[in-house]
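The values are calculated or read from the model by the stated rules, or taken from the named source; none is laboratory data. If you're wondering where the values come from, they're calculated on a predicted model, not measured in any experiment. Cβ coordinates were reconstructed from backbone atoms using ideal geometry, including for glycine residues, and neighbour counts include every protein chain displayed. Just the protein is used for accessible areas: all its heavy atoms, side chains included, with ligands, DNA and RNA removed. Shrake-Rupley method; radii C 1.70, N 1.55, O 1.52, S 1.80 Å.
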Amino acid sequence: MQLRSLTVCAIIAFAAGLIVASFAGFREFLPGLLQGALITVEITLGGCVLSVIAAVIAALAKMYGPWPIRWLAVVYIEIFRGTSALVQLFWLFFVLPRFGLTMEPLTVAILALGLNVGAYGAEVVRGAVAAVPRGQWEATIALNMNRAQALRRIILPQAVVAMIPPWGNLFIELLKATAIVSLITVADLAFRAQEMNATTYRTVEIFSIVLVIYLAMAMLITIGMRRLEGLAAKGLARGRSH
Amino acid sequence: MTDIAKGPAPAAAPTGSPMVRFDQVTKSYGAFVVLDQLELDVAAGEKVAIIGPSGSGKTTVLRMLMTLEPINGGVIWVDGEPLTSMRRNGALVPADARHLRRMRGKIGMVFQHFNLFPHMTALKNCMEAPCTVLGLSKAESEARGRELLVMVGLGDKLQHYPAQLSGGQQQRVAIARALAMRPKVMLFDEVTSALDPELVGEVLNVIRKLGAELDLTMLMVTHQMGFAKEFADRVCFFYGGKICEQGPPAKLFGSPENERTRQFLRAVLEAT
């Protein structure tokens with residue numbers, strides 16, 4: 001039910017945006033902005049994948065690693081949570097080349113945002129793993145599984161369900177944070193908007209369209225995560241031990 | 001029997017050793033002593049029922065044996081080898097992961113709350129550990145799981161998830177899952193306590209069947225006095241972290257010597 005209303009909202013918002021755009025002669029801006037939106041989507045997808053990988057590794061390292069690994073994970077999480085994403089982006093883009101490591105702006109963008117959100121995600125993963133009932137761990141010990149087998153086959157599949165809603169929030173945060181990559185010359189949606197605004201001064205039109213595009217993308221993430229949650233919960237509920 | 005109980009670090013297993021031996025095993029949480037220098041031998045193939053009031057340490061005995069709880073003193077021997085320690089240069093040192101895994105392989109446990117894997121079917125629950133731990137092929141572990149589920153009377157529930165099964169059925173899957181690892185010692189921790197009364201019988205029947213058909217050493221913590229009386233070779237009454245009285249069921253239930261035992265049995269009988 002909620003999913004349906006969200007879908008309707010998304011469609012209406014997007015349609016309204018398009019109608020407004022075409023009626024007011026916004027059509028000239030739309031192709032350029034959509035090109036930028038494509039880059040935004042690319043960064044968001046890459047960042048999401050990276051953030052999940054970073055979060056799972058950091059969380060497991062922090063929970064079960066030997067002390068040097070655990071220490072590394074804590075340092076990663078604290079640094080990326082404790083400093084601004086903008087500073088991290090600039091550091092990777094402007095400081096790393098001083099040490100001889102230069103990367104494409106798009107790579108830096110994905111890396112910075114993925115690692116930033118991954119640091120928050122690590123706590124989500126940790127919480128979800130810790131919330132799996134202790135009896136499940138005990139069963140794996142009684143069946144002589146080692147910790148890696150227990151995590152991979154028994155604990156993580158159950159923890160994933162609890163992780164999905166908070167991850168939805170993090171993905172939307174990541175999407176919105178992509179706007180800062182325009183500051184390192186990546187031609188994303190925000191970059192295109194500023195560029196057009198600087199030459200045409202049609203601020204109202206341009207930023208209204210941009211607003212609608214961001215909203216539509218965020219809605220898509222919400223809908224996708226709801227669906228994923230439904231699927232995962234169904235899979236587990238079928239098997240939920242009472 | 002060699003007198004290993006007196007030495008601080010016995011270097012050799014006692015000759016003609018029992019399947020399970022608790023040798024002055026102590027367990028405490030802070031200042032609270034759960035088990036106080038427990039001495040208990042269980043022979044191979046013997047079926048021992050552990051009864052006693054709550055807080056008497058009876059579940060802890062099983063949990064220590066499954067290595068779910070560390071012990072604070074003494075040595076647990078299983079099949080002639082120390083459980084959580086190993087011999088190195090004639091002394092006992094804490095066991096490494098390999099030794100622990102080898103020892104755990106001899107023991108299976110069934111829990112009060114089943115602890116089935118909710119995201120797997122009954123069959124998958126039984127196949128998982130044989131596949132990942134024993135390295136059996138999918139076909140081999142499936143055949144083994146299927147056979148055991150048939151044995152516990154669930155041949156028609158192979159593809160059911162735990163939530164689609166009754167408590168009694170879930171517990172029978174849990175028994176099959178533990179047996180799939182081919183343990184020598186089976187531990188049953190109040191396996192009928194979480195069940196509706198009408199489902200208790202089906203689980204006890206399966207345990208009876210195991211006792212009759214398989215050569216297993218069994219330790220069970222139970223509140224089913226009738227079952228303990230009929231099934232066990234020996235009953236141990238725990239009180240205050242010690243074995244207060246033990247003996248054949250007929251003797252312990254028929255003419256208990258200890259006043260605590262009498263009190264406990266009277267209270268239990270009144271309740272039922």
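Filter region A:118-142 down to the residues that are open to solvent by less than 30 Å² (accessible area, probe 1.4 Å) and within 9 Å of chain B (Cβ to nearest Cβ) and list them by number. Spell out the reasoning first.
Residues of region A:118-142 open to solvent by less than 30 Å² (accessible area, probe 1.4 Å): A:118-119, A:121-122, A:125, A:128-129, A:132, A:135-136, A:138-140, A:142.
Result: A:GLY135, A:GLN136, A:GLU138, A:ALA139, A:THR140, A:ALA142.
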**Asked** Taking region B:55-85 only, how many residues are among the hydrophobic types (A, V, I, L, M, F, W, C), in a strand (DSSP E or B) and within 24 Å of A:TRP137 (Cβ to Cβ)?
**Response** 2
**Request:** Given the conditions (1) closer than 18 Å to A:ARG147 by Cα; (2) within 13 Å of chain A (Cβ to nearest Cβ), report the number of the one that B:GLN171 does not fulfil.
**Result:** (1)
**Request:** Output yes when any residue across region B:162-184 is more than 15 Å from B:ASN125 (Cβ to Cβ) and β-branched (Val, Ile, Thr), and no when none is.
**Result:** no
**Prompt:** From the residues in region B:137-154 that are open to solvent by 40 Å² or more (accessible area, probe 1.4 Å) and outside any helix (DSSP H, G or I), which one is farthest from A:MET145 (Cα to Cα)?
**Reply:** B:GLY153
**Item:** Qualifying position, being among the aliphatic types (A, V, I, L, M), under 18 Å from the mean Cα position of the chain (by Cα) and either assigned to a helix (DSSP H, G or I) or within 20 Å of A:VAL186 (Cβ to Cβ) (or both), among A:VAL75, A:VAL41, A:VAL87, A:VAL95
**Value:** A:VAL41
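Against the condition at positive phi, open to solvent by 40 Å² or more (accessible area, probe 1.4 Å) and not polar (S, T, N, Q), how does B:GLY80 come out, does it pass? Talk me through it step by step, then tell me what you get.
Values: at positive phi: yes; open to solvent by 40 Å² or more (accessible area, probe 1.4 Å): no; not polar (S, T, N, Q): yes.
So B:GLY80 does not fit the description; no.
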**Asked** Just wondering, is there one or more residues in region A:182-189 that are farther than 22 Å from A:THR44 by Cα and out of contact with any strand residue (DSSP E or B) (no Cβ under 6 Å at 6 or more places or on another chain)?
**Response** no
**Request:** Would you be able to tell me the number of residues in region A:171-185 that are in contact (Cβ under 8 Å) with a residue 40 or more places away in the chain and crowded, with 21+ Cβ neighbours inside 10 Å?
**Result:** 5
**Asked** Which one of the conditions (1) at pLDDT below 95; (2) among the β-branched types (Val, Ile, Thr); (3) under 18 Å from the mean Cα position of the chain (by Cα) does A:VAL125 fail to meet, given that it meets all the rest?
**Response** (1)
**Request:** Would you mind finding the one in B:LEU100, B:LEU134 that is within 12 Å of another protein chain (Cβ to nearest Cβ), outside any helix (DSSP H, G or I) and open to solvent by 20 Å² or more (accessible area, probe 1.4 Å)?
**Result:** B:LEU134
**Prompt:** Which strands (runs of 3 or more DSSP E) sit wholly inside region B:202-272 and have at least 2 residues that are surrounded by fewer than 15 Cβ atoms within 10 Å (Cβ to Cβ) and in contact (Cβ under 8 Å) with a residue 12 or more places away in the chain?
**Reply:** none
**Request:** Determine if region A:149-164 includes at least one residue that is open to solvent by less than 10 Å² (accessible area, probe 1.4 Å) and away from chain B (no Cβ under 14 Å).
**Result:** no
